[in-house]
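The values are calculated or read from the model by the stated rules, or taken from the named source; none is laboratory data. All figures in this text were calculated on a predicted structure; none of them were measured in a lab. Virtual Cβ from ideal backbone geometry, glycine too; neighbours counted across all protein chains shown. Just the protein is used for accessible areas: all its heavy atoms, side chains included, with ligands, DNA and RNA removed. Shrake-Rupley method; radii C 1.70, N 1.55, O 1.52, S 1.80 Å.
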Amino acid sequence: MSSQKYDCIVIGAGIQGSFTAYHLAKNNRKTLLIEQFALPHARGSSHGQTRIIRKAYEEDFYFRMMEESYLLWAHMEAESGVQLYRQTGLLVTGPEKSRDFQGVKEALELNRVPTVVLAPGEFPQHIPHFKLGDGHGAVVDTTAGVLYADRALKAVQGAFQKLGGIIKDGEKVSGITPGSEVTVTTASGVYKAASLVITAGPWANAVLSHVGLQLPLQVQKINVCYWREKVPGTYSVSRRFPCFIQLPSEMEKTDIYGLPSNEYPGLMKVCYHTGSETDPDQRDKQTDRGDVAILSSYISRHLPGLETVPAVVESCLYTVTPDHHFVLDRHPMHSNIIIGAGFSGHGFKFGPVVGKVLCELSLGRPPSHDLSPFKLQRFQNIPKSTL
């Protein structure tokens, strides 16, 4: 097979890879985006209709990235002519004296995010049909809302192609040869480029194995649950019901999050923010539903307007690092191979800004955000490159 030459190749056409390819094309780089599955698909981490977008983060580096991400999402809305964001607000609740709750509340105040703090006595009139836990605080990030995920992914890929970018889907990578020019091989072709960006989601380690690297990533299957409203519209986005995050408490050991009924009329998305380890190629064999029981109990206590058995259960994959922070870095042996991985179930909203910094790394430019929290070197005992 004859090889085709590009300035840059991106492997993985989820939200991170698609935005990386888009930013490269905006910088007049001839860019190829390779995806192993036929598009669109629901096998990875970027499918589904909605995600939460928020600035409610304890970490300042995430807040700074989200400030720009909001702007970049607005640019993509304008460029594509498609609504990608709907402001609903985000209720953050949890034990009032807990480090988690105080950390989020203080970060919102410090960064001057428009917020509303709700005392227990006034809570029901502001957010009806939601029972606040005993001793729990409540703060609303009013700038937060819903991202329309499937719509966003399609818009970014379309914008990339309008800029002259090439997408080749249904092509699984079978080999990568590093060098001053990187060669990527699939069953359908051989492609060469000055730089390579790997954003392969749950398949990150499978792709990185071709360049002698393995990261401490765990792939989890998440049960994405939708619960029927007893009275249609009770939790509807049109009635201004907010997204919410329930921080860990004695009853729930990790976050529970919810989005107002919107994508499926009469059904509200409420999910547990962790899942069971799985092989991304065998995920349908992972049938653990222990999280559904936890959610049913939570709903019976806090969301009395919902049925306590899910009407629909879909699935999504998280690729989780030990510290739940991303990997945004260069390969330790090959500086023209860039890695974006381990988005740990909270990366979608960062897509535009992650794509920007991965593009900057690929072009050899100083990144526009502090990437020190996302370095590979924070992990101990990463296998050295065998190449």
Inset, instruction - Sequence neighbours fewer than 8 away in the same chain don't count; with that in mind, list the lysines whose C-alpha is under 23 Å from Lys26. - result: Lys5, Lys154, Lys162, Lys168, Lys192, Lys349, Lys356
Inset, instruction - Largest first and to the nearest Å, give the Cα extent of the range 77-150 along each principal axis. - result: 45, 29, 20
Inset, instruction - Scan around Ala13 for amide H atoms under 5 Å from its own, H built in the peptide plane at 1.01 Å from N, and keep only partners 5 or more places away or cross-chain. - result: Gln36
Legend entry - With eigenvalues of the C-alpha gyration tensor scaled by 5 and rooted, the range 216-327, Å: 26, 15, 13
Legend entry - Dipole in debye (nearest 20) - the range 216-304, about Cα centre, beta carbon charges: Lys, Arg +1; Asp, Glu -1: 440 debye
Inset, instruction - Only residues of the range 186-219 count here: report those whose backbone N is under 18 Å from the spot 7 Å along Cα→Cβ of Ser180, or say none. - result: 192-196
Inset, instruction - Any chance you could check the Cα centroid distance between the range 314-378 and the range 89-156 for me, in angstrom? - result: 26 Å
Inset, instruction - Can you send over the carbon and sulfur percentage of the accessible area for the chain, probe radius 1.4 Å, protein chains only? - result: 50 percent
Legend entry - Per residue value of the accessible surface for the chain (all protein chains in place, 1.4 Å probe), Å²: 42 Å²
Inset, instruction - Taking the Cα centre of the range 1-105 as origin, sum charge times position over the Cβ atoms of Lys and Arg (+1) and Asp and Glu (-1), and report the length of that vector in debye to the nearest 20. - result: 160 debye
Legend entry - Backbone HN-Hα couplings from phi across the range 143-157 [Karplus 6.51/-1.76/1.60, Hz, Gly and Pro as x]: 7, 6, x, 10, 9, 8, 5, 4, 4, 5, 4, 5, 5, 5, 5
Inset, instruction - Pop the C-beta distance of Arg240 and Glu77 into the FRET formula with R0 = 22 Å and round what comes out to the nearest 0.05. - result: 0.60
Legend entry - Candidates Pro114, Pro178, Pro280: whichever shows maximal mean-square fluctuation once the chain is modelled as a Gaussian network with Cα springs under 10 Å: Pro114
Inset, instruction - May I ask you to evaluate 6.51 cos²θ - 1.76 cosθ + 1.60, the Karplus curve with θ = phi - 60°, for each residue of the range 186-202 and list the ³J(HN,Hα) values in order in whole Hz, giving x for glycine and proline? - result: 10, 5, 9, x, 10, 10, 10, 7, 6, 9, 10, 10, 9, 10, 9, x, x
Inset, instruction - Take every Cα-Cα distance within the range 158-302, group them into 5 Å bins from 0 onward, and report for each bin the whole-number percent of pairs it holds. - result: 2, 8, 12, 13, 12, 12, 11, 11, 9, 6, 3, 1, 0
Legend entry - Spacing of the two label points (7 Å from each Cα toward its C-beta) at Ala206 and Glu68, in nm: 3.2 nm
Inset, instruction - Would you compute, for the Cα atoms of the range 33-129, the largest minus smallest coordinate along each principal axis and list the three values in descending order, in whole Å? - result: 51, 32, 27
Inset, instruction - Mind telling me which of Met333, Met268, Met66 comes out most flexible in a GNM of the chain, alpha-carbon contacts under 10 Å? - result: Met333
Legend entry - Simple label model, 7 Å out from Cα along Cβ direction - Glu250 to Glu109, nm: 2.6 nm
Legend entry - Options Thr321, Leu371, Cys8, ranked by Cα towards positive dipole end of the chain, top entry (Cβ charges): Cys8
Inset, instruction - Of the options Gly103, Gly179, Tyr85, report the single residue whose Cα projects farthest towards the positive end of the charge dipole of the range 24-181 (beta-carbon charges: Lys, Arg +1; Asp, Glu -1). - result: Gly179
Legend entry - Karplus 3J(HN,Hα) series, Hz, for the range 60-65 with 6.51 cos²θ - 1.76 cosθ + 1.60 (x for Gly, Pro): 5, 5, 5, 4, 4, 5
Legend entry - Distance between the range 267-300 and the range 184-234 - C-alpha centres, whole angstrom: 19 Å
Legend entry - Size-normalised alpha-carbon gyration radius of the range 1-71, reference 2.2 N^0.38 Å: 1.40
Inset, instruction - Could you work out how far apart the two model spin labels at Glu58 and Arg86 are, taking each label as a point 7 Å from the Cα in the direction of the beta carbon, and quote it in nm? - result: 3.2 nm
Inset, instruction - Using 0.36 nm per residue of separation minus the Cα-Cα distance, give me the extension gain between Ser297 and Phe37 in nm, one decimal. - result: 89.9 nm
Inset, instruction - Take the Cα pairs of the chain, get the Kirkwood Rh, then feed it into Stokes-Einstein at 10 °C and 1.306 mPa s and tell me D in µm²/s. - result: 74 µm²/s
